[in-house]
Amino acid sequence: MPKSSPTILWFRQDLRLRDNPALSAALEQGAVLAVFVLDDKNAGERRHGAASRCWLHHSLKTLDSSLGGKLWVLEGDATELIPQFAAEQGATAVHWNRCYEPWRITRDGRIKQALATLGINAESHSGTLLWEPWQVLKSDGTPYKVFTPFYRHALKTQPAAVVAPATVIDHRASDFLACKQDRNKIDSLALLPVSIWHKAMLEDWTPGEAGAQMRLEEFLEGGLTDYREGRDFPARRSVSRLSPHLHFGEISVKQVAYAATLSAQQGHESQSEHFLRELAWREFSYSLLYHFPAVCEKNLKQEFDHFPWRDDPELRIAWQRGMTGYPIVDAGMRELYATGTMHNRVRMITASFLVKNLMQHWRHGEQWFWDCLVDADLANNSCSWQWVAGSGADAAPYFRIFNPVTQSQKFDKDGEYIRRFIPEIAALPSKFLHDPSSAPETVLQQAGISLGVDYPRAIVDLKQSRERALSAYHAMRNTEDWAS
DNA sequence: CCTGGAGTTGTCCTA
DNA sequence: TTAGGACAACTCCAG
């Protein structure tokens, strides 16, 4: 049998077979070797957080099984492993879909060079975003810093959202070359924690490509038709819940956008438009990360470098554990820890609470979310935290400080969400559920709750902490004027 | 270069 | 009870 030279498909954040440009390109060249590399070395501090690792474990398992066990799994420094693997296998080319995290861009550039030195062709493809960050620019060639003009311009010039995704290729396991590794290769990555908390966490999720497709179907039939109004209510399932699937590339964003566009044409125009805007926010975050890679570490608005953040580990621990005494905040933080996700509306409320009422640096929140979210995504997470903190490019005006009690009354009126995650106060009547610290003693007694014992007293006064944040902001701005 | 209009998701006070 | 305006001013962007 003549030995043909294989093409390598390097799976990264694109753990799918459908609408996968790198895979299609590789298959056109002949037999394919599929490989994944867990590269914590180059990722450094940005290696997957604990929740993401659990997700990745299952996603790799399902990918491997849909490849008939033919996924090679390597662990270590990809700048060494990929060229080495390609050379060993006698490959002529390596294909992958682009990623945009600063550390990956640097690393992938090096790998491309190393492969070139070996005479191996390296090709990157666009499989992660609707619009490449360098394609959506202002007329003067610089990147957008405001979402709406970014979105309008992208829709006008790059209407990817209304173009059907690449034809689905009917892959068969026989398209892929055998993997000569032992069967426990994925387990040996030790992505799952020793304790079994991840089992409960993933109860409500199905990582992997098939799960992603199912989720999209469900959303199109249910949530999307109520998206515009329903997406604000955390007790409802009117959001897509596609974020972890999109993060790991188990489904292509083009397929999602295309499906939403079709739905728009079937009479759900307004609903779909709002959903497409959310997808576009993801694009915008990636654009910001690409053009301003420091966004994941530093304030985009430099004046915030002078902001008088407070540094109180005890307050942060209360926030992390869902023990702030504000039920909507605590429900969100407990949902996060238990399920690896948090409803979008509640992410804003909990983030605003940490950054404004507790006046802790947004990076503390960003890091906690990074570790706890199954959809932890560098671009989305960093940009969103900066948006809430007010330090981002297109941030919320600083005086917009969420009031957790008001938000709770508005978006979880009957307390369904709160009761789900804070059973110890479930017996409180809805009127007092949103702010137990202000409930009369008799009401608390009747519900069998002793504040400070069964559930914490509020750890800050909302009015005072709001005023404090506002005056800190003004002080920062005045210092700035003074300095310049 | 100038100019006008606009900018994800809110809160609080007042009438 | 509810609706409207103030909040603060700046930067960004398109024409």
Taking Cα atoms, the helix A:269-291 axis meets the longest principal axis of chain A at an angle in degrees (rounded to 10) of 70
In whole angstrom, largest first, the equivalent ellipsoid semi-axes that the Cα gyration tensor gives for chain A are 41, 25, 22
Listed by chain and number, the lysines with an alpha carbon less than 19 angstrom from that of A:Lys156, same-chain partners under 8 positions apart left out, are A:Lys138, A:Lys145, A:Lys254
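Quick one: order A:His245, A:His306, A:His57 by neighbouring beta-carbon count within 10 Å, fewest to most.
Arranged by neighbour count, lowest to highest, A:His245, A:His306, A:His57 become A:His306, A:His57, A:His245.
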Phi-derived 3J(HN,Hα) across segment A:90-101 with the Karplus relation (6.51, -1.76, 1.60, θ = phi - 60°), rounded Hz, x for Gly and Pro, is x, 6, 9, 8, 10, 10, 7, 8, 5, 10, 10, 5
Total charge of the residues flanking A:Val194 in space, meaning their Cβ is under 15 Å from its Cβ, with Lys and Arg +1 and Asp and Glu -1, is +1
Reduced to Cα centres, the span from segment A:340-356 to segment A:386-439 in Å works out to 9
Ordering A:337-349, A:176-188 by per-residue average of other C-beta atoms within 10 angstrom, highest first, gives A:337-349, A:176-188
The simple spin-label model distance between A:Thr406 and A:Asp226, using points 7 Å out along Cα→Cβ, in nm, is 2.7
Asserting the computed 222 nm helical MRE of chain A (DSSP H runs at least 4 long, -39500 (n - 2.57) per run, divided by residue count, to nearest 500) equals -14000 deg cm²/dmol
Hull surface over four for the Cα convex hull of segment A:302-483, reported in nm², is 10.2
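Considering only chain A, what is the antiparallel percent among its DSSP beta bridges, to the nearest 5? Each step should come with its number before you reach the end.
Details: 1 of 22 bridges.
Approximately 5 percent, going by the DSSP bridge assignments.
Suppose R0 equals 25 Å. What FRET efficiency, 1/(1 + (r/R0)^6) with r the Cβ-Cβ distance, do A:Glu273 and A:Lys431 give to the nearest 0.05? Don't skip to the answer; put the middle values down first.
Numbers: r = 36 Å, r/R0 = 1.46.
Plugging the Cβ-Cβ distance into 1/(1 + (r/R0)^6) gives 0.10.
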The extension gain from A:Arg46 to A:Val443, computed as 0.36 nm times the residue separation minus the Cα-Cα distance, is 138.2 nm
For A:291-302, A:385-396, ranked highest to lowest by mean beta-carbon neighbours within 10 Å, the order is A:385-396, A:291-302
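Quick one: net charge of A:Tyr455's neighbours, Cβ under 9 Å, K/R +1, D/E -1?
Values: positive: A:Arg457; negative: A:Asp330, A:Glu424, A:Asp454.
Surrounding charge for A:Tyr455 is -2.
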Note to self: C-alpha centroids of segment A:65-88 and segment A:205-266 sit apart, in Å, by 31
Which residues qualify? For A:Leu74, with a placed amide H closer than 5 Å and at least 5 residues away or on another chain, they are A:Phe36, A:Val37, A:Leu38
The exposure ranking of A:Thr79, A:Thr206, A:Thr157, A:Thr7, fewest beta-carbon neighbours within 10 Å first, is A:Thr157, A:Thr206, A:Thr79, A:Thr7
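Could you please tell me the mean projected area of the C-alpha convex hull for segment A:387-484, averaged over all directions and given in square nanometres to one decimal?
8.0
All of the numbers you see were taken from the coordinates with simple rules; none came from a lab. Predicted, not measured: the structure shown is a model, and the values here were computed from it. Don't worry about glycine lacking a Cβ; one is built from the backbone with ideal geometry, like all the others, and counts go over all protein chains shown.
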